[in-house]
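Shown next, in structure tokens, is the structure this report addresses.
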Amino acid sequence: MSVNINRYKCGYCGACVGVCPKGALELVETWIEVDESICIVCGICDRICPVGAIEVMK
Ligand code: SF4
Ligand code: SF4
């Protein structure tokens, strides 16, 4: 499983960070850090991203 964020699409709006139920996403300067050790692969971040920058693969 993995959560992939496309650096070229992401606008660092922070929307995904706010909706992650596990707090697995963090906005760090100009990048989104993913803590895959706590991610439950729910796909909410994938659905909420306004620019389709996140791909969650189970
Ligand atoms: S919701 Fe999408 S555009 Fe916004 S910070 Fe997350 S990955 Fe980037
Ligand atoms: S798939 Fe779910 S748990 Fe994993 S980073 Fe996205 S919102 Fe958080």
Residue count, region 1-30, condition of a type in the set (S, T, N, Q) and near ligand 1 (Cβ under 7 Å from one of its atoms), comes to 0
Test: residue in region 7-20 that is out of contact with any strand residue (DSSP E or B) (no Cβ under 6 Å at 6 or more places or on another chain), near ligand 2 (Cβ under 7 Å from one of its atoms), touching a residue at least 12 places away in the same chain (Cβ under 8 Å) and in a loop (DSSP other than H, G, I, E, B)
yes
Note on Glu33: of the conditions (1) near ligand 1 (Cβ under 10 Å from one of its atoms); (2) not in a loop (DSSP other than H, G, I, E, B), unmet is (1)
Every listed condition ((1) loosely packed, with under 12 Cβ neighbours inside 10 Å; (2) in a strand (DSSP E or B); (3) among the hydrophobic types (A, V, I, L, M, F, W, C)) holds for Leu27 save (1)
All-but-one check, Ile32 against (1) among the β-branched types (Val, Ile, Thr); (2) surrounded by 15 or more Cβ atoms within 10 Å (Cβ to Cβ); (3) near ligand 2 (Cβ under 8 Å from one of its atoms), failing number (3)
Checked region 37-58 for anything near ligand 2 (Cβ under 8 Å from one of its atoms) and either in contact with a strand residue (DSSP E or B) (Cβ under 6 Å, 6 or more places away or on another chain) or part of a loop (DSSP other than H, G, I, E, B) (or both); matches are Ile38, Cys39, Ile40, Val41, Cys42, Gly43, Cys45, Asp46, Ile54, Val56
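Just checking, which of Val28, Val56, Val17 is more than 10 Å from the chain's Cα centre (by Cα) and β-branched (Val, Ile, Thr)? Break it down stepwise before answering.
Numbers: Val56 fails: more than 10 Å from the chain's Cα centre (by Cα); Val17 fails: more than 10 Å from the chain's Cα centre (by Cα).
Testing whether each residue is more than 10 Å from the chain's Cα centre (by Cα) and β-branched (Val, Ile, Thr) leaves just Val28.
Throughout, read-outs are computed from the coordinates displayed, never taken from laboratory work. Since the structure is predicted, the reported quantities are computational estimates derived from the model, not experimental observations. Every residue, glycine among them, receives a Cβ derived from its backbone with ideal geometry; neighbour counts consider all protein chains shown.
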